[in-house]
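Q: Below is the structure I would like to discuss, written out as structure tokens.
Quick note: the coordinates plus some simple rules give every number you see, no bench work behind them. Predicted, not measured: the structure shown is a model, and the values here were computed from it. Cβ placement follows ideal geometry from the backbone for every residue including glycine, while neighbour counts extend to all protein chains displayed.
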Amino acid sequence: MSTRAHRGGGGGIVGAVRVDIERLHGAWMELIFPRQRGRGHSVMGKWKPETLPQSIAYYAWSLLGAIGLLLLYPLTVLGLATRFYAAKLDSTRTRLGIVGVTGIALLGWGLLTVAWWAMSFMEQVEIPIDAVLAVAAASAIATISTALAATCAKFGGRAVTVVLAYPFAMTALFLPPVVAALVTPALEPYVLDPSYDLAVWVLDNVLFLGGVNEFLRSNFELEGAAYAAMWLGFSFPLGWFFGIVVALANVVRPAR
């Protein structure tokens, strides 16, 4: 690469970041002003303000967008990474099909439920029937979530993918380690204990408004199947978050 390209930021990481920021800022400007994004080689060119009020509004909006990029660009990088790994999962779904993906999930979760149910009849292990039912319920939810995520990703548009496919995929990813920790005491320090600490942090720092944390503490106990329910609840806002950052990444770098 030439020295001139290095100085101009035309290549490498610096050049890629510059292009990304220009696209994001252009998309922001086009929310109000016409012909802003990708107009460098257009016949009509980029729209510019002609009067003083237009100039004030134009540059104020531009400055506001520049400040917003301080937060948006790191999210864009996260969205690009999420899109990469989501594409890997989607390629697996494409090869196996919705029926194949659902069948594998059903087989895996079914074997876990049957094994846990069989253990309840062994004299050496005493397992409450409620625990067996909890594992069976979590298995059903994970299998259904896998099928719904695959279906929404294949037939739904971008909005359906963000609103439904990503949350269902999060559910299918979160439940296996939680249920495994519920049935395997050796995994509790690595899954359930951090989950408990996370729940305490969320109650103290997020759900303190309106006394929601006090209501939850008074009416619910975080034990057994409640861990699976907690991660089921987390899966939807996290799924929406990752879906939004992927959509943001698609604005900056459209998927090929």
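Q: In angstroms, what radius of gyration and Dmax does the range 130-240 have, counting Cα atoms only?
A: Using the Cα atoms of the range 130-240, the pair Rg, Dmax is 15.1, 43 Å.
Q: Just rank Leu69, Leu182, fewest to most, by other beta-carbon atoms within 10 angstrom.
A: Leu69, Leu182
Q: Give me, ordered by chain and number, the residues 5 or more places off Gly224 or on other chains with an amide H under 5 Å from its own placed amide H.
A: Hits under the 5 Å cutoff: none.
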